[in-house]
Amino acid sequence: MSSGVEGVTRRYLDLLRGALLDEHYLENELRIRHLLEAADGDPPDPSKLADPGRFMASDLRRLELQRRTGELANAPSRNAPPEGLAYTTAGHARLNHIASCVEAISADHVQGDLVDCGAGRGGAAIFMRGLLGALDLPAPRVWVADDFDHRPDGAEGVAALPDLNAVRRAFERFGLLDERVAFLQGEPDRSLREAPIEEIALLRLDGGDPRRIRPALDATYDRIAPGGFVVIDHYGTADARSAIEAFRSARGIGEQLEHVDWGASGWRRSPDPESVPGGARRDRATAQDQNELSVVVVVHNMRRVAARTLHSLTRAYQRGIEDLDYEVIVVENGSPPGSELGAEFVSRFGEEFQYLDLGDEAKQSPAHAVNRGIAAAGGRSIAVMIDGAHVLTPGVLRYGTLALAAYKPAVVTARQWYVGPGQQPQTIAGGYDVAYEDRLFERIGWPSDGYRLFDIGHFLGDRDWFDGEWESNCIFVPRPLLDQVGGMDESFSTAGGAFVNLDFFERMVGTPGVNLVTMLGEGSFHQLHGGTTTNREQYDEREDVIRSYEAEYERMRGRPFRVPAQQPHFIGSLPPPARRTRARRLSSPQFKAAHLNAAEGRPSRPAPVPDDLREEFTDAYWRSAAWHGTPWLGHSTHRAPADLIAYAELIWRLRPEWIIETRTGPGGRALFLASICDLLASGRVLSLEAHPLGVPPEHPRVTYLRVAPGAESTASRVREIVGERPRALVILGASGSSDGDAALSNLAPLVPVGSYVVIEDTILGGRPAWPGFGPGPTTVAQKLVETRDFRPDPTLERGGVSFNAGGYLKRIR
């Protein structure tokens with residue numbers, strides 16, 4: 001290396017080190033600290049804000065010293081928030097030692113990758129990646145192993161240190177996030193043991209948690225290359241020293257232990273090649289460039305539906321892939337004896353199909369099966385289908401591979417649909433079953449025209465082509481991204497995988513610089529197969545399972561699941577059957593025909609009402625205004641008849657002491673509620689209305705209170721009438737979100753566990769009626785559900801057209 005180039009290299013590394021230690025902006029840290037201190041009392045000092053180097057000189061010197069010397073070895077916890085805003089607390093000496101190790105690796109031609117176990121904010125690993133570029137080392141990679149769950153000790157709150165996405169953003173900020181950086185999330189001893197690392201030239205291990213030292217070394221030490229380095233940070237603590245000495249003694253390691261500084265030590269493994277297992281270094285390109293695309297499909301006890309899924313991946317079905325070099329790896333994940341697909345069955349679909357039966361290695365979560373499939377795949381890109389019950393439309397492979405190239409680097413998804421007339425969990429309860437589903441496939445002549453799947457399908461959830469995504473069952477990912485971030489997190493070990501697919505989507509799409517591409521006019525359609533969540537008939541059971549998944553994710557990640565911020569790109573086109581959005585719904589005649597077996601069109605068994613048809617009729621009925629005239633004993637109730645029936649059922653179930661209603665209008669609803677109480681000989685009605693319409697009907701069980709339901713004084717006035725702890729049922733009339741929130745704040749505390757808050761007219765705001773209404777009842781209902789004290793009860797909507805969809809909320813705690 002010439003002196004000029006060497007000088008530039010040194011200058012780059014000095015700048016990188018200073019930036020990682022935040023040495024360039026120490027004055028700003030002092031300004032922030034001063035503003036925080038001032039917030040507790042005296043106003044900020046303008047002089048300190050203007051020139052902290054002069055007026056906070058002693059504090060500045062302490063910061064400068066800390067950045068040079070690094071974090072104290074006896075810091076109370078590896079999870080304690082680091083001082084300042086640096087990406088690493090290692091200090092000059094330890095970063096310089098890493099540089100000297102990498103220089104020695106380069107000079108001595110030591111084979112192997114660089115591994116940072118215990119990433120913190122990522123600074124040390126970022127420095128390693130910068131060294132590879134600065135020293136022009138083309139072969140090694142940097143592996144970053146951490147559980148990325150840095151909650152404070154004993155706390156359930158927000159993480160003190162960054163999670164995986166924050167560390168990846170840090171790499172990107174320095175221009176060092178590329179295919180030569182790979183992240184291993186989870187317990188480091190497990191993730192390192194399973195990682196495809198052939199040899200290790202440098203292992204840096206954070207010894208802040210001494211319990212992790214021995215497992216991490218056991219998982220990696222046999223792969224330390226001859227001449228490779230082991231560096232233990234936090235070696236200065238007694239527990240870390242004890243763990244290291246015990247490991248070295250057990251392994252008979254005689255190499256000299258050298259201290260880097262007071263907080264770190266390490267040794268270099270003997271260059272004697274006989275001390276390390278031999279073997280040539282694998283050429284990654286040889287194993288990974290066999291195909292353009294590998295599709296990994298996981299199946300479990302789903303022979304009926306897998307037959308359609310696999311056919312939808314064949315060359316005979318997929319269009320525009322004549323020149324596509326692809327393979328399909330079908331992973332059997334522990335199906336019961338006799339229900340396995342078998343190699344012969346899979347091979348029938350074409351030479352592209354391979355069968356991998358995990359046998360006794362199968363686990364109840366599909367995460368392990370996905371990862372086994374990825375490991376066996378030879379494609380430059382991978383399409384992951386964690387649920388083999390999804391059948392595809394004919395352009396998925398074509399547009400998936402086109403988008404990967406056109407929007408590089410990209411993650412490409414196919415929208416999720418249900419086969420059937422609506423949301424499968426609800427339609428199953430209404431009579432949808434495998435026989436109904438099979439008839440739907442027969443009626444569209446599948447698979448002759450795969451796009452007719454849209455004739456028998458429904459968007460999953462309250463979605464649209466142009467809404468954001470949180471998950472996909474067919475997600476295309478470039479191999480370098482998988483190598484960098486890793487596959488499925490096998491810590492999600494519950495049956496069905498819980499949120500493992502959502503977590504996978506979030507990590508892929510949340511990668512800095514990656515473009516999310518959604519296919520228009522293509523989809524993956526979920527078939528009935530008795531799944532752990534989707535196909536549960538009992539609403540309460542399904543909701544309990546989902547809540548357990550949410551809790552598991554929050555325990556594992558230290559935060560609730562959040563959909564990544566998205567600016568999606570689109571590829572494809574919309575064939576006529578697919579032209580369905582919330583603004584332009586098309587209901588399919590196939591749903592009507594599928595369940596008609598008897599002559600004269602009389603149904604032989606119950607069948608679900610298609611969601612599209614229900615929404616169209618609800619909107620049409622609302623626009624008719626006929627519901628304004630729904631009478632009760634000569635008084636208009638202004639309610640849909642089905643909702644009045646639901647109110648009567650609730651009163652019969654609950655026998656409330658008080659029914660508190662708002663926005664009664666002319667009073668017909670209050671009279672109806674009181675009449676039901678008469679029939680049961682119990683219960684009273686308190687009607688809150690600031691501006692009544694006319695003279696409401698009198699009834700001995702009804703008390704009218706002329707107040708605004710959301711006013712501050714209303715809560716106390718209501719309690720004067722109903723008492724402090726009544727057994728109440730609350731019915732909130734339609735209002736804007738702010739008024740509804742205020743009314744809820746006053747009245748919801750009066751509802752005991754097991755009783756209900758009913759939020760009326762949730763169909764407003766375009767759901768599907770009156771799009772111009774703006775935020776209103778649905779927003780109020782969603783906020784109440786987010787408290788986790790209330791849960792929607794859709795069984796009360798079964799009476800026909802309900803204006804309160806999602807608005808019957810039961811208190812569960």
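The values are calculated or read from the model by the stated rules, or taken from the named source; none is laboratory data. This structure is a prediction, so every number in the text was calculated from the model and none was measured. Cβ: placed from backbone, ideal geometry, glycine included. Neighbour counts: every protein chain shown.
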Number of the condition not met by Leu481 [criteria: (1) more than 19 Å from Ala195 (Cα to Cα); (2) assigned to a helix (DSSP H, G or I); (3) among the hydrophobic types (A, V, I, L, M, F, W, C)]: (1)
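The rows are residues; the columns are (1) of a type outside the set (A, V, I, L, M, F, W, C); (2) at positive phi; (3) exposed (fewer than 14 other Cβ atoms within 10 Å of the Cβ).
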residue: Val5; (1), (2), (3): no, no, yes
residue: Thr9; (1), (2), (3): yes, no, no
residue: Leu21; (1), (2), (3): no, no, no
residue: Glu37; (1), (2), (3): yes, no, yes
- request: Looking only at segment 159-174, decide whether some residue is modelled with pLDDT of 90 or more, surrounded by fewer than 21 Cβ atoms within 10 Å (Cβ to Cβ) and farther than 17 Å from Gly510 by Cβ.
  value: yes
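Quick one: would you say Ser381 is farther than 27 Å from Phe454 by Cα and either in the same structural domain as Trp417 (by TED's automatic domain parsing) or in contact (Cβ under 8 Å) with a residue 40 or more places away in the chain (or both)? Steps first, please.
Working: farther than 27 Å from Phe454 by Cα: yes; either in the same structural domain as Trp417 (by TED's automatic domain parsing) or in contact (Cβ under 8 Å) with a residue 40 or more places away in the chain (or both): yes.
Judged against the criteria, Ser381 is a match.
Do we have Arg452 as within 20 Å of Met385 (Cα to Cα), basic (Lys, Arg) and surrounded by 19 or more Cβ atoms within 10 Å (Cβ to Cβ) here? Before the answer, list the steps.
Working: within 20 Å of Met385 (Cα to Cα): no; basic (Lys, Arg): yes; surrounded by 19 or more Cβ atoms within 10 Å (Cβ to Cβ): yes.
Taking the combined requirement at face value, the residue does not satisfy it.
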- request: Starting from segment 34-57, keep only residues that are within 21 Å of His24 (Cβ to Cβ) and in the same structural domain as His24 (by TED's automatic domain parsing), then list their pairs with residues that are aromatic (Phe, Trp, Tyr) and assigned to a helix (DSSP H, G or I) whose Cβ atoms are within a distance under 6 Å, requiring at least 6 positions of separation or different chains.
  value: Lys48/Phe55
field: Whichever residue in segment 374-395 is touching a helix residue (DSSP H, G or I) at 6+ places or on another chain (Cβ under 7 Å) and aliphatic (A, V, I, L, M) and, among such residues, is surrounded by the fewest Cβ atoms within 10 Å (Cβ to Cβ)
entry: Ile374
message: Would you confirm, using the coordinates I've provided, whether Gly521 is part of a loop (DSSP other than H, G, I, E, B), buried (at least 21 other Cβ atoms within 10 Å of the Cβ) and not acidic (Asp, Glu)?
response: no
Cβ-Cβ under 9 Å pairs, at least 6 apart or on other chains, segment 348-373 side more than 12 Å from Val296 (Cβ to Cβ), far side outside any loop (DSSP other than H, G, I, E, B) and of a type in the set (Lys, Arg): Leu358/Arg372; Glu361/Arg372
Residue tally, condition surrounded by fewer than 12 Cβ atoms within 10 Å (Cβ to Cβ) and modelled with pLDDT of 90 or more, over segment 48-63: 1
statement: Picking from Ala369, Ala406, the residue that is out of contact with any helix residue (DSSP H, G or I) (no Cβ under 6 Å at 6 or more places or on another chain), crowded, with 24+ Cβ neighbours inside 10 Å and over 30 Å from Asp612 (Cβ atoms) would be Ala369
- request: Those residues that are buried (at least 24 other Cβ atoms within 10 Å of the Cβ) and either aliphatic (A, V, I, L, M) or without any contact (Cβ under 8 Å) to a residue 60 or more places away in the chain (or both), I need them from segment 476-504; list them, please.
  value: Val477, Met488, Ala498, Val500
- request: Test Ala414 against the stated conditions and say whether it is surrounded by 22 or more Cβ atoms within 10 Å (Cβ to Cβ) and in contact with a Gly (Cβ under 7 Å, 6 or more places away or on another chain).
  value: yes
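Conditions (1) surrounded by fewer than 19 Cβ atoms within 10 Å (Cβ to Cβ); (2) among the basic types (Lys, Arg); (3) under 17 Å from Trp658 (Cβ atoms), marked per residue:
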| position | (1), (2), (3) |
| --- | --- |
| Val702 | no, no, yes |
| Gly710 | no, no, no |
| Glu724 | yes, no, yes |
| Arg727 | yes, yes, yes |
| Ile731 | no, no, yes |
| Ser737 | yes, no, no |
| Gly740 | no, no, no |
| Asn746 | no, no, yes |
task: State the number of residues belonging to segment 766-781 that are over 19 Å from Asp612 (Cβ atoms), surrounded by fewer than 21 Cβ atoms within 10 Å (Cβ to Cβ) and touching a residue at least 24 places away in the same chain (Cβ under 8 Å).
output: 3
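From the list Ala134, Ala93, which residue is in contact with a helix residue (DSSP H, G or I) (Cβ under 9 Å, 6 or more places away or on another chain), surrounded by fewer than 24 Cβ atoms within 10 Å (Cβ to Cβ), within 22 Å of Arg169 (Cβ to Cβ) and not basic (Lys, Arg)?
It is Ala134.
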message: I'd like the full set of residues that are farther than 27 Å from Thr393 by Cβ and either aromatic (Phe, Trp, Tyr) or at pLDDT 90 or above (or both), limited to segment 514-549.
response: Tyr539, Tyr549
query: Inside segment 374-441, counting only strands (runs of 3 or more DSSP E) that do not spill past its ends, which hold 2 or more residues that are closer than 30 Å to Pro792 by Cα and out of contact with any Asp or Glu (no Cβ under 8 Å at 6 or more places or on another chain)?
result: 410-419
- line: Picking from Gly208, Gly254, Gly236, the residue that is part of a loop (DSSP other than H, G, I, E, B) and surrounded by fewer than 17 Cβ atoms within 10 Å (Cβ to Cβ) would be Gly254
message: Of the residues Ile651, Ile660, Ile759, Ile763, only one is closer than 21 Å to Ala640 by Cβ, surrounded by 14 or more Cβ atoms within 10 Å (Cβ to Cβ), in contact with a Pro (Cβ under 7 Å, 6 or more places away or on another chain) and in contact (Cβ under 8 Å) with a residue 40 or more places away in the chain; which?
response: Ile759
- prompt: Taking only pairs six or more apart or across chains, which ones have beta-carbon atoms under 7 Å, a first residue in segment 210-236 that is at positive phi, and a second residue that is in a helix (DSSP H, G or I)?
  reply: Gly227/Asp108; His234/Ala240
Qualifying residue in segment 756-763 (condition: within 20 Å of Glu724 (Cα to Cα) and modelled with pLDDT of 95 or more): yes
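Listed here are the residues, each with its yes/no results for (1) outside the structural domain of Ser802 (by TED's automatic domain parsing); (2) under 28 Å from Ser716 (Cβ atoms); (3) assigned to a loop (DSSP other than H, G, I, E, B); (4) polar (S, T, N, Q).
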residue	(1), (2), (3), (4)
Ala642	no, no, no, no
Tyr647	no, yes, no, no
Arg653	no, no, no, no
Glu661	no, yes, no, no
Pro666	no, yes, yes, no
Ala670	no, yes, no, no
Ala674	no, yes, no, no
Cys677	no, yes, no, no
- prompt: If we scan segment 401-423, do we find a residue that is over 23 Å from the mean Cα position of the chain (by Cα) and under 21 Å from Val346 (Cβ atoms)?
  reply: no
